[in-house]
1. Pairs under 8 Å by beta carbon, first residue among the aliphatic types (A, V, I, L, M) in the range 272-301, partner exposed (fewer than 15 other Cβ atoms within 10 Å of the Cβ), six or more apart or different chains?
2. From the residues in the range 205-221 that are in a helix (DSSP H, G or I) and touching a Leu at 6+ places or on another chain (Cβ under 9 Å), which one is nearest to Leu323 (Cα to Cα)?
3. Kindly list, by first and then second residue, each pair from a residue in the range 376-402 that is under 14 Å from Ala175 (Cα atoms) and touching a residue at least 24 places away in the same chain (Cβ under 8 Å) to a residue that is buried (at least 22 other Cβ atoms within 10 Å of the Cβ) and among the small types (Gly, Ala, Ser), limited to pairs with Cβ atoms under 6 Å and residues at least 6 apart or on different chains.
4. Do the conditions hold for Asp192, that is, is it outside any helix (DSSP H, G or I), surrounded by 22 or more Cβ atoms within 10 Å (Cβ to Cβ) and touching a residue at least 12 places away in the same chain (Cβ under 8 Å)?
5. Name the one entry in Ile26, Ile21, Ile59 that is in contact with a Leu (Cβ under 7 Å, 6 or more places away or on another chain) and either of a type in the set (S, T, N, Q) or modelled with pLDDT of 90 or more (or both).
6. In the range 127-144, what residues are surrounded by 21 or more Cβ atoms within 10 Å (Cβ to Cβ) and either at pLDDT below 95 or within 19 Å of the chain's Cα centre (by Cα) (or both)?
7. I need the full set of residues from the range 216-240 which are out of contact with any Ser or Thr (no Cβ under 8 Å at 6 or more places or on another chain), surrounded by fewer than 19 Cβ atoms within 10 Å (Cβ to Cβ) and touching a residue at least 40 places away in the same chain (Cβ under 8 Å), in order please.
8. Output the helices (runs of 4 or more DSSP H) that fall wholly within the range 333-420 and possess 3 or more residues being out of contact with any strand residue (DSSP E or B) (no Cβ under 6 Å at 6 or more places or on another chain) and surrounded by fewer than 19 Cβ atoms within 10 Å (Cβ to Cβ), or say none.
Amino acid sequence: MSRETLTVTDNRTGKSFDVAIADGAIRASELAAGLDGGGWGVVLYDPGFPNTASCRSAITSVDSERGVLEHGGYRIEDLCAHSTYLELAYLLIHGELPTAAEYERWMHEISVRKFVHENVKSFMEGFRYDAHPMAMLAGSVGALSSFYTDAGDVHDEAARELQVLRLLAKLPTLAAYAYRHGEGLPYVLPSDDLSYPANLLSMMFRMSELRYAGDPRRERALDVLLMVHADHEQSAATTAVRAVGSTSADPYAAVAAGVAALSSPMRGSADRDVLRMLRRIERPENVPPFLERVRRGEERLVGFGHFVYRNSDPRAAILRAQLDTVYEDRPGDPLVQVADELAGRVEQDEEFRSRRLFFPNVDLFTGLTYQAIGIPESMFGVMFALARTAGWIAQWREMVLDPDQGAVRPRQLYVGPLGRSYLPLAQRS
């Protein structure tokens, strides 16, 4: 008997059978077939799918126990130290880091596609003055498909790669326009001579100056922020992108679904919740009484522990280091000291250790880093979606090319009534 199998016994029938184990997983179809001869009598029940692998992917790996995040086999620490967001996007999408020539062409192809059709501006101007930027981003991204007749040719390689470039190029433009709309400011056109993060900051904050002259440290901090959030396996938003894309919908619809999934308080507001928590604490000396209130259930500790990571989140240390760089020539944010004091005390607390809440996650420093760059809280979700676009595109592209993938259509366990007799409306009491 092969050791790479799982032996299952159906106690209803006494039948035993083997199911192959490949890459640490078994196929649900083989298990169901063995249990009831290929019928639908037994299905796997896994609400939220935390124990179900929906795909095979070579994009991102998370080692929960060791706190290691890798993209294409490269650790996130190395990528953030030496790379850029667009280089990481190339790695996620193509599986390899680009050569110098490939990277130059990649940058050029994205740079020449930053502009959006003038009608997109008119479309965005139709939103209310106080429309949420995430709603504007989701709507405008979804609308992009109407401007490209080849958007739906997802199985044509040339058309598919064009959509990849367009999405990466135009998302910062749409994000900046969503911000400017809410501020009542005229839109700023993209610049070909600026880096990806500098161009985004220029389109968001440039006023009457002839040329944008930003702080390279803030631009680098934004680039790192985009990198640490670029992809994180099969998150809820990534699953939404794959689910919509599985029907051969165009990638603009799929990415719009991802944006919508990130717009919920459960998925897109943790960094803002952290800032509000830190403001309530106000000073480092207020951390101990705050933790006492957490123990009594009067306060909620946010920015610690993680659904995936068990002992550490590597992205937190990366962003904490960026804060030191951004503030090296100006007074630091007092809330950073509060976060540091909180992290130090939580790490030593046995109660929080027992609850796996003893380590800071990426959210503890995300909002602080956005704040250091000058990005307002209303735009935090948009920045997250912009960062995650590289991963969404990579996941969508991988799914389209995977012969195992079909339209997402989970089973259900029906628990409602059956066989009821219909009564006309007049006879119902």
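1. Pairs found: Leu275/Glu377; Met277/Arg300; Val294/Arg300.
2. Looking only at the range 205-221, we keep the residues that are in a helix (DSSP H, G or I), and these are 205, 216-221.
Subset that is touching a Leu at 6+ places or on another chain (Cβ under 9 Å): 218-219, 221.
Working: Arg218: 9, Glu219: 12, Ala221: 8 Å.
This residue is Ala221.
3. As it stands, the answer is Val382/Ala175; Leu386/Ala175; Ala387/Ala230, since those pairs meet every condition given.
4. Spelling it out, it is not the case that Asp192 is outside any helix (DSSP H, G or I), surrounded by 22 or more Cβ atoms within 10 Å (Cβ to Cβ) and touching a residue at least 12 places away in the same chain (Cβ under 8 Å).
5. Being in contact with a Leu (Cβ under 7 Å, 6 or more places away or on another chain) and either of a type in the set (S, T, N, Q) or modelled with pLDDT of 90 or more (or both) holds for just one of Ile26, Ile21, Ile59, which is Ile59.
6. Residues satisfying the conditions are Pro133, Met134, Met136, Leu137, Ala138, Ser140, Val141.
7. Those that are out of contact with any Ser or Thr (no Cβ under 8 Å at 6 or more places or on another chain), surrounded by fewer than 19 Cβ atoms within 10 Å (Cβ to Cβ) and touching a residue at least 40 places away in the same chain (Cβ under 8 Å): none in the range 216-240.
8. 334-348, 350-354
The values are calculated or read from the model by the stated rules, or taken from the named source; none is laboratory data. Worth saying up front: this structure is predicted, and the values here are computed from it rather than measured. With ideal geometry, Cβ positions are generated from the backbone for all residues, glycine too; neighbour counts draw on all protein chains shown.
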